[in-house]
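The values are calculated or read from the model by the stated rules, or taken from the named source; none is laboratory data. Everything numeric here is computed off the predicted structure, so don't read it as measured data. When we count neighbours, we look across all protein chains shown, and the Cβ atoms used for this are built from the backbone with ideal geometry, even at glycine. All accessible areas refer to the heavy atoms of the entire protein, side chains included, with ligands and DNA or RNA removed. Shrake-Rupley method; radii C 1.70, N 1.55, O 1.52, S 1.80 Å.
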Amino acid sequence: MPLLLSKKEYELLQKKKKVAKGPSVRASKKIEQEFRRQIAGLYQEYLFPATQRLKQMVKDGIPLAQIGDYVEQVMRDAEYQYTFAAYDIVDQWRAGLDEETRWKLNDALKQTLGVNTSVIFDDPVVMESMRFATRETLKHITDIPAQHLGQISQAVLDNFTGKGLPEGRSLEQQIQHIHKMSQKRAKLIARDQTSKTTGTLNQVRQQAIGIDEYIWRTARDGRVVGKLIVTGK
């Protein structure tokens, strides 16, 4: 038990003998939607123009070697510009998520346990867990250019070597399909990472104040959320 709670609050927490189920704490839709919008904006700014250019190059019959050179150029640009912008987006999202879930969880725990737990939220373990979780989020976002352009490159190569494309699509249709799938990826990343990181924050924060178990349950909306169980010592 960290020594950040007052003696009175600590004693009150230790007196809890009954099992208490706290409400699940989630980030607001606003945070998720803004995160999704920003990730989609990255794609729109850095990859959409390249996708359109590649479609035109294919239509114009540009040699495979030139198309390959162009893909490599876009990848080099994305490695710096896209990744740098992604860092800023993830930092903003992390700060907003941290602030919102912090006060929501504190309110929920005050009602459940009868103690003010906000003082515990800057525990080093909590902060390190947040940094680790957002590193994973950043990786998902920064992997998009390589995945997107890699799939397009493979489609171009398959087409030039006479290999059939999925579902009988033409090369231009396949590029358009890859474009749509990459756009959908932004929505999935925003939803899944916001939900997952919120769950991680809830877990480590609750464990930091001595909650014995943290049980995951499935909510009716299909998302996995955490519910705490507190047992007395």
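Being acidic (Asp, Glu), under 17 Å from ARG94 (Cα atoms) and either at pLDDT 90 or above or surrounded by 16 or more Cβ atoms within 10 Å (Cβ to Cβ) (or both) is a condition met by no residue of the range 154-172.
Contact map, the range 29-48: first residue of a type in the set (Phe, Trp, Tyr), second residue in a helix (DSSP H, G or I) and open to solvent by 30 Å² or more (accessible area, probe 1.4 Å), Cβ cut-off under 8 Å, separation 6 or more or different chains; pairs are TYR43/GLN183; TYR46/ASP77; TYR46/GLN81.
Taking the condition closer than 25 Å to ALA50 by Cβ, at pLDDT 75 or above, buried (at least 18 other Cβ atoms within 10 Å of the Cβ) and in contact with a Ser or Thr (Cβ under 7 Å, 6 or more places away or on another chain), does ILE144 pass? When the stated conditions are applied, ILE144 passes them. With respect to the conditions (1) crowded, with 16+ Cβ neighbours inside 10 Å; (2) in contact with a Leu (Cβ under 9 Å, 6 or more places away or on another chain); (3) at pLDDT below 65, GLU213 falls short on a single one, namely (1).
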